[in-house]
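Please treat every number below as a calculation from the coordinates, not as lab data. Model, not experiment: these values are computed from the prediction. All Cβ positions, glycine included, derive from the backbone under ideal geometry; neighbour counts span all protein chains shown.
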Amino acid sequence: MTKTLLLLLLVAVANAKVFERCAWARTLKASGMDGYRGISLADWVCLTQHESHFNTRATNRNTDGSTDYGIFQINSKYWCRDGGVSRSNGCGINCSQLQTDDVTTAITCAKRVVRDPNVRLLYFDWTVAGNSNRDLSSYLSGCRL
């Protein structure tokens, strides 16, 4: 049983799409994320690098029982439904939709998250805190955007 579980986990990790930094920056830019709600492209790249290492299948289990999903690490408590501790479903999706190689749904949901005035600052504070006065141009360096 343990060997089967390990094999399934290895297959899941092997099938994860992990973006290269510049390819991800281009994807975000093409999706209208540069300057979306005043958030720079460099901020988005910084956030997703630190939260998921650009991995579409990333997950993180939180102490409150919720889970963060996908490349943006969107939380299940308020933004998607996973059968766990979800209180609401702000993006109107199943959390598994945040973990596909087609990042369209994840980007749409991230836009929904930052449209919420109570969440927007928190969303960026948890990873970009301390970066607000830093030059984030290195996150886009060499990307030929």
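Of note:
- Spatially proximal aspartates and glutamates relative to Lys17 (Cα-Cα < 20 Å; intrachain offsets below 8 disregarded): Glu51, Asp68, Asp101, Asp102
- Linear extension gain, Asn89 paired with Lys17, 0.36 nm per residue minus alpha-carbon span: 23.4 nm
- Rounded to the nearest 20, the Cβ-based charge dipole of segment 21-135 about its Cα centre (Lys and Arg +1, Asp and Glu -1) stands at 180 debye.
- In this simple spin-label model, placing a label point 7 Å from the Cα along the Cα-to-Cβ direction at both Ala30 and Asp135 gives a separation of 3.0 nm.
- The Cα-based radius of gyration and maximum Cα-Cα distance (Dmax) for segment 21-135 are 13.2, 40 Å.
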